[in-house]
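Here is the structure we will look at, set down as structure tokens.
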Amino acid sequence: MTYDPTKQTREAAVVSYRHCQPSEAVAMCGIIVRAGVDDALDELVAGLENLEYRGYDSAGVAVRDDEGSITVCKREGETDALEAALEDRKLDGTLGIGHTRWSTHGAPSDENAHPHTDGANRVAVVHNGIIRNHDALRSELREAGHEFTSETDTEVVPHLVADALDDGADPETAFRRAIDRLEGSYAVAMLVGDDDAVYATRHGSPLVLGLGETANYLASDVPAFLEHTDRVVYLEDDDVVVVDGDSYRITDGDGTPVGRSVETVEWSAADARKGVYNHFMRKEIDEQPVSLRQTVEGRIEADRGVLEEFPPGSLTDVDDVVFVACGTSYHAGMYGSTLLRRRGIQATALRANEFAHDPMPLTERTLVVAVTQSGETADTLAALRAASESPAQTLAVTNVVGSSAAREADDRLFIRAGPEIGVAATKTFSSQVAALALLADRLEEDGAGSAGGEAASGRTVTADLTSLPNDVETVTNDEGAARLAAQYADAESYFFIGRGVGYPVALEGALKFKEITYEHAEGFAAGQLKHGPLALVTPATVVVAVFTGRNDDRTLHNIREAQSRGAPVVGVGPTSATAVREAVDEYLEFPDVNPNLAGMLANVHLQLLAYHAAEIRDRAIDKPRNLAKSVTVE
Ligand code: M6R
């Protein structure tokens, strides 16, 4: 594929749209575009399947044939429903766009599914993000005679483009005029019947260009087209890309050609496939020994973290660290902040959505670390942007090269976990914590740990990180969690408690459990149980207690408080913790490790507990209801 900055749109053609069903609404969604020399449909549908983790309320495609007719087919439900609808339909054409949706405004429905078209059926659009001024645009367009068929913000876009086309603009100009009117965050891709290119742009929502041998692609994320190519261009905000089967052209918001480097993705297509597994989540749990090795590979020398991204002396101007993140990544940030504090480094973890709009005082010697698997979580990006406006330094710890967080932060540290498809984050949690443990070495050596930490005494965390993957494998091979998931399947509530690094792990265990089983699960600091939650504990409450080999005697007091109310207690702790083993009703053990890392091993047991409990209940483990992998709306 070649970059051709002079390439222009081509011949006009007759357009006719055929809807196999009306459709649409808003979201954090998945976009796929495919422009090639042969029919696009199969690759579009396969791309949607690979993007389903981004949303699965509805899915749709629009394909342009050689005569310039565009056919749209879209369905409420998962991609399967779309595939069924496509079975007896013929959507020939080398150019197509597709979309899988996670609704934030408007119910999931055929009408609200993407793609959306204008009234005259000349333009088809897919969109990820939110157009905040869509009400005003819709009113204006209605007054001008436009009629709408969905409740979505997206639908204003094809109507705006159609207006510009009616005014005599060429498709690219019409596209630019339309997107110039939009406020909010969006990635948008557009097909026009009388043109054989796709037009796309991004503004705050991800969009990556894939360059294949016989086709080009655009998608919200690389796994959508990884089967076909690993050569990618990460687009910048406000880039406009015009792509067809054998070329592409990128210009900035003003229409000036811009060069963007072509990069090779290190993930393999097999990484993004389920293989022999029934669920991505289980595959990704089992992948942790490998993903952890990838995280630390080449980053440990003489039992110390050596990060290429942070050479000695690069963090001498840091006094304190603030982690901002959401969900599982927040728990990794909490874990990291505990590790840092234990090294004498002042550190705090805050929920990104709270920090973003109510930030704490920051100085130029504060390092704000945004922890985010996807690098696209809107709340975390908002926090990162708030920090960028302060004197603080910013760092993104992320899994996705080219993500918004990676591009917007002053510095970036990649966790190298490989693609994570299951909505429930698993392997990325352990890689995030490992990456933060390595970062702690640099911070400490550069003087941030002046408050006097624990690293000097005994074996360092980093030294033990090297053997951790083998220990994780011991846990993934353990069948104890499967047995206990069945044994306690009838419980009314599941409480998870822990202290120190066991506290974020307790929160993470509860999040994982509720997320995929839909059962009531809560996480608490072990010492907090007696300050309120104990009132809820009955014999029908299973209490899962995390032990790390540090301050375990205190947690033992806490479990006795629960046991005396009749609650069964499952301990999760090191093999040698005899007193714990004797005190609890059931025990999930892991190899003895540095207590700082013990939480990571306990967490794998909790991942398996949630997985098996969800399996027993026949839940949609990889695509839990109401959720999506990457939440790109605030
Ligand atoms: O991509 P991020 O790490 O920023 O995502 C943050 C959360 O949305 C995410 O960790 C979520 O909590 C997980 N799906 C939970 O398993």
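The values are calculated or read from the model by the stated rules, or taken from the named source; none is laboratory data. Every value quoted in this text rests on a predicted model; they were computed, and no experiment measured them. Don't worry about glycine lacking a Cβ; one is built from the backbone with ideal geometry, like all the others, and counts go over all protein chains shown. The protein model used for the area step is the full one, side chains on, heavy atoms only, and it has no ligands, DNA or RNA in it. Shrake-Rupley method; radii C 1.70, N 1.55, O 1.52, S 1.80 Å.
For this structure, a couple of remarks:
- Segment 300-323, subset in contact with a strand residue (DSSP E or B) (Cβ under 6 Å, 6 or more places away or on another chain) and assigned to a loop (DSSP other than H, G, I, E, B), residue farthest from Thr476 (Cα to Cα): Val318
- Single match in Glu479, Glu515, Glu492 (criterion: at pLDDT 95 or above, open to solvent by 10 Å² or more (accessible area, probe 1.4 Å) and within 16 Å of the ligand (Cβ to nearest atom)): Glu515
- Test: residue in segment 307-317 that is under 18 Å from Ala417 (Cβ atoms) and touching a helix residue (DSSP H, G or I) at 6+ places or on another chain (Cβ under 8 Å): yes
- Restricting segment 380-389 to residues that are free of Cβ contacts under 8 Å to residues at least 40 places away in the same chain and in a helix (DSSP H, G or I) leaves a set whose member that is most open to solvent (accessible area, probe 1.4 Å) is Arg385.
Yes or no, residue by residue, for (1) in contact (Cβ under 8 Å) with a residue 40 or more places away in the chain; (2) under 20 Å from Arg560 (Cα atoms):
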| residue | (1), (2) |
| --- | --- |
| Lys514 | no, no |
| His520 | no, no |
| Ala526 | no, yes |
| Pro533 | no, yes |
| Val544 | yes, yes |
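- Verdict on Ala613 being more than 16 Å from the ligand (Cβ to nearest atom) and open to solvent by less than 20 Å² (accessible area, probe 1.4 Å): no
- Subset of segment 140-192 (residues that are outside any strand (DSSP E or B), within 35 Å of the chain's Cα centre (by Cα) and at positive phi): none
- Among the residues making up segment 390-442, those that are near the ligand (Cβ under 10 Å from one of its atoms), within 17 Å of Gly599 (Cβ to Cβ) and in a helix (DSSP H, G or I) are Thr428, Phe429, Gln432.
- Count of residues meeting criterion [open to solvent by 40 Å² or more (accessible area, probe 1.4 Å) and closer than 27 Å to Asp286 by Cα] in segment 390-412: 2
- Within the option set Gly68, Gly129, Gly93, being in a strand (DSSP E or B), touching a residue at least 24 places away in the same chain (Cβ under 8 Å) and open to solvent by less than 10 Å² (accessible area, probe 1.4 Å) holds for one residue only, Gly129.
- Residue match in segment 413-431 (condition: modelled with pLDDT of 90 or more, in contact with a Phe, Trp or Tyr (Cβ under 9 Å, 6 or more places away or on another chain), surrounded by 17 or more Cβ atoms within 10 Å (Cβ to Cβ) and within 21 Å of Ala347 (Cβ to Cβ)): yes
- Qualifying positions in segment 584-625 - touching a residue at least 24 places away in the same chain (Cβ under 8 Å), in contact with a strand residue (DSSP E or B) (Cβ under 9 Å, 6 or more places away or on another chain) and over 26 Å from Asp464 (Cβ atoms): Glu586, Ala613
- Checked against the criteria, Ala370 does not count as open to solvent by less than 10 Å² (accessible area, probe 1.4 Å), within 16 Å of the ligand (Cβ to nearest atom), within 19 Å of Ala506 (Cα to Cα) and within 16 Å of the chain's Cα centre (by Cα).
- Residue list for segment 285-318, restricted to those being open to solvent by 10 Å² or more (accessible area, probe 1.4 Å) and closer than 22 Å to Thr380 by Cα: Glu309
- Candidates Ala219, Ala187, Ala178, filtered to the one that is over 20 Å from Ala40 (Cα atoms), in contact with a strand residue (DSSP E or B) (Cβ under 7 Å, 6 or more places away or on another chain) and open to solvent by less than 10 Å² (accessible area, probe 1.4 Å): Ala187
- Residues of segment 156-195 classified as of a type outside the set (Gly, Ala, Ser), closer than 19 Å to Ala35 by Cβ and out of contact with any Lys or Arg (no Cβ under 6 Å at 6 or more places or on another chain), total: 11
Here is a yes/no grid of residues against (1) assigned to a loop (DSSP other than H, G, I, E, B); (2) not hydrophobic (A, V, I, L, M, F, W, C):
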| residue | (1), (2) |
| --- | --- |
| His228 | yes, yes |
| Tyr248 | no, yes |
| Gly253 | yes, yes |
| Val276 | yes, no |
| Ile285 | no, no |
| Ser291 | no, yes |
| Gly298 | yes, yes |
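- Unmet requirement for Tyr335, which otherwise passes all of (1) more than 15 Å from the ligand (Cβ to nearest atom); (2) open to solvent by less than 40 Å² (accessible area, probe 1.4 Å): (1)
- All positions within segment 145-172 that are among the hydroxyl-bearing types (Ser, Thr, Tyr) and buried (at least 16 other Cβ atoms within 10 Å of the Cβ): Ser150, Thr152, Thr154
- Sole residue being on the phi > 0 side of the Ramachandran plot and assigned by TED's automatic domain parsing to the domain that holds Leu44, chosen from Gly275, Gly255, Gly212, Gly259: Gly255
- Some residue of segment 201-214 being more than 19 Å from Ala46 (Cβ to Cβ) and surrounded by fewer than 23 Cβ atoms within 10 Å (Cβ to Cβ): yes
- Those residues of segment 613-634 which are assigned to a helix (DSSP H, G or I) and within 18 Å of Glu522 (Cα to Cα), in sequence order: Ala613, Ala614
- Taking the criterion of being touching a strand residue (DSSP E or B) at 6+ places or on another chain (Cβ under 6 Å), over 11 Å from Cys73 (Cα atoms) and modelled with pLDDT of 90 or more, the residues of segment 98-119 that qualify are Thr100, Thr117.
- Each residue in segment 341-359 was checked for being surrounded by 22 or more Cβ atoms within 10 Å (Cβ to Cβ), modelled with pLDDT of 95 or more and more than 16 Å from the ligand (Cβ to nearest atom), and 1 pass.
- Every residue from segment 578-596 that is aliphatic (A, V, I, L, M) and open to solvent by less than 20 Å² (accessible area, probe 1.4 Å): Val580, Val584, Leu588
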